[in-house]
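Comments concern the structure below.
The values are calculated or read from the model by the stated rules, or taken from the named source; none is laboratory data. Computed from a prediction, not measured in an experiment: that's the story for all the values here. In this analysis, Cβ positions are derived from the backbone assuming ideal geometry, glycine residues included, and neighbour counts consider all displayed protein chains. Keep in mind that these areas ignore ligands, DNA and RNA; they rest on the heavy atoms of the full protein, side chains included. Shrake-Rupley method; radii C 1.70, N 1.55, O 1.52, S 1.80 Å.
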Amino acid sequence: MTTLDSGPLPAGAPAAPTALLTPRTLDEALRLIAGGDAAVLGGGVGHALRRHHRLPAKAPALVSVAALPELTGIAEHSDHIAVGAGVRLAACAADGLLSRTWPVLTEAAGSVATGRIREMVTLGGNIAARDDSHDPPVALTAIGASLAVRSARGGRTLAVTELDRLRADELVEHVRLPLPAATTGSAYEKFLVRGVWEYACVNVAAVVSLDADGTVDRLSLAVGSVAGGPVAVDLGGLAGGRADRALVEEAAARAAASTTPYGDVKGSAAYKTRMIAEFSRRALTTAIRRAEAAAGRPASTPEGQR
Ligand SMILES: Cc1cc2nc3c(=O)[nH]c(=O)nc-3n(C[C@H](O)[C@H](O)[C@H](O)COP(=O)(O)OP(=O)(O)OC[C@H]3O[C@@H](n4cnc5c(N)ncnc54)[C@H](O)[C@@H]3O)c2cc1C
C-alpha cells in the first residue's frame with residue numbers, strides 16, 4: 001500500500017513549526033530571519049518532506065517569501081535575465097523568454113516531479129535545498145548563473161556553485177542568467193530509470209555557443225546526482241574546435257571520468273558512470289543542433305550519429 005502518512009510521531013519527535021509568518025515587505029522578512037529563530041518558506045514542499053521523513057523542523061517559525069514583489073517575476077535586463085526566487089517551477093517551465101534564451105532551464109524545471117508539485121515548488125526553494133539530484137541547479141550550473149542574495153545587512157552575489165556560502169540570515173532574492181550569444185544552443189537530459197516522475201538517476205545540462213565560422217566559442221557541461229553535485233565538467237581545450245562527433249565523445253568521456261556517482265536504488269555507481277557518458281552525449285548533441293539552427297547552419301551531428 002502506498003501511503004503519504006508515516007504514522008504517529010514517535011515519542012520525543014521534534015514538534016512542527018509553530019508559527020507561519022507572512023511579512024508584507026522584503027525588509028520585514030529579512031528582519032524576521034535575522035534573529036535565527038525563523039527559516040525561509042518558499043513553496044513549502046521541502047519543509048513538508050522534512051516533516052514527512054520525521055526530520056526536525058528547520059526553525060520554530062517559517063517566513064513566507066514567495067509572494068514578495070522582489071522575489072516574483074521574470075525580467076530581461078540589458079545584460080542578464082532575472083528570475084525571482086519565488087517563481088514557481090511551472091511558471092519557469094512555461095515562460096516564453098526563458099524557453100527562447102535558455103531552454104536548458106525550462107526543460108530542467110519542466111522535468112521536476114509532477115505538474116501539481118511544479119505549481120508549488122519555487123526556484124529559490126529548489127536551489128536552496130542544496131540537493132545534488134535536483135534538476136534546475138544542474139541547468140543553472142551549465143548556464144553559469146549567479147544568485148542575488150540579501151540579508152538585513154545588505155546584498156551580495158554568489159555563483160550558483162557557491163551555495164554553501166549562503167548564510168542562515170540570507171535569502172535568495174533572484175537568479176541571474178547571462179544573456180546568451182545569438183548562436184547558443186542548450187539542452188537538458190534527465191534519465192529516469194522507471195520512466196515515470198522521480199528524482200534523476202543522472203541529470204546533465206549542456207550549453208554550446210558557436211562562432212560565425214561554426215567553431216565552438218563556448219562549451220559547458222554540468223552533471224547532477226553525483227558526489228558534490230552539480231559538477232561543472234572541466235572542458236578546457238575543447239573550445240575553438242569543430243562542433244563534431246569527436247568533440248561530443250571527448251566531452252562525454254571527461255564527464256564520466258571526472259564525476260563520482262553513488263550507487264542506490266536507481267543503479268550502481270558503475271552503471272551511472274556509463275549513463276553520465278550517454279546522457280552527456282545526448283545533451284551536447286541537442287545543444288549543438290540548436291546552436292547550429294540558431295546560426296542558420298546545417299546540422300553537423302545528424303540524429304543517426306548520436
Ligand atoms: C514527490 C516529490 C518529487 C520531487 N521530485 C523532484 C525532482 O524530480 N527534481 C527536483 O529538482 N526536485 C524534486 N522534488 C523536490 C523539490 O523540488 C524540493 O523539495 C524543493 O526544495 C522544494 O522547494 P520549495 O519552494 O517548496 O521549498 P521550501 O520547502 O519552501 O524550502 C526548501 C528549503 O529552501 C529554503 N528556501 C526556500 N526559499 C528560499 C529562498 N528564497 N532563499 C533561501 N532559502 C530558501 C528553505 O528554508 C528550506 O530549507 C520533489 C519533491 C517531492 C515532494
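So the values come out like this:
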| quantity | calculated |
| --- | --- |
| Tally, over the range 104-123, of residues that are closer than 27 Å to S209 by Cα and assigned to a helix (DSSP H, G or I) | 8 |
| Matching option when the condition is over 23 Å from T273 (Cβ atoms) and out of contact with any Leu (no Cβ under 6 Å at 6 or more places or on another chain), among A145, A182 | A182 |
| The one condition in (1) open to solvent by 40 Å² or more (accessible area, probe 1.4 Å); (2) of a type outside the set (G, A, S); (3) under 30 Å from V248 (Cα atoms); (4) at pLDDT 95 or above that E119 fails to fulfil | (3) |
| Where A66 falls short, out of the listed (1) within 17 Å of the chain's Cα centre (by Cα); (2) part of a loop (DSSP other than H, G, I, E, B); (3) near the ligand (Cβ under 8 Å from one of its atoms) | (1) |
| Selection from the range 33-54 of residues that are more than 11 Å from the ligand (Cβ to nearest atom) and in contact with a Pro (Cβ under 9 Å, 6 or more places away or on another chain) | D37, R54 |
| Residue check for A222: out of contact with any Leu (no Cβ under 6 Å at 6 or more places or on another chain) and open to solvent by less than 60 Å² (accessible area, probe 1.4 Å) | yes |
| Members of the range 117-127 that are more than 6 Å from the ligand (Cβ to nearest atom) and more than 16 Å from E198 (Cβ to Cβ) | E119, L123, I127 |
| Within the range 128-215, strands (runs of 3 or more DSSP E) holding 2 or more residues that are more than 12 Å from the ligand (Cβ to nearest atom) and free of Cβ contacts under 8 Å to residues at least 60 places away in the same chain | 154-159 |
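Listed here are the residues, each with its yes/no results for (1) modelled with pLDDT of 85 or more; (2) hydrophobic (A, V, I, L, M, F, W, C); (3) not in a loop (DSSP other than H, G, I, E, B).
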| position | (1), (2), (3) |
| --- | --- |
| G12 | no, no, no |
| A15 | no, yes, no |
| L20 | yes, yes, yes |
| R24 | yes, no, no |
| L32 | yes, yes, yes |
| G36 | yes, no, no |
| G46 | yes, no, yes |
| R51 | no, no, yes |
| A57 | no, yes, no |
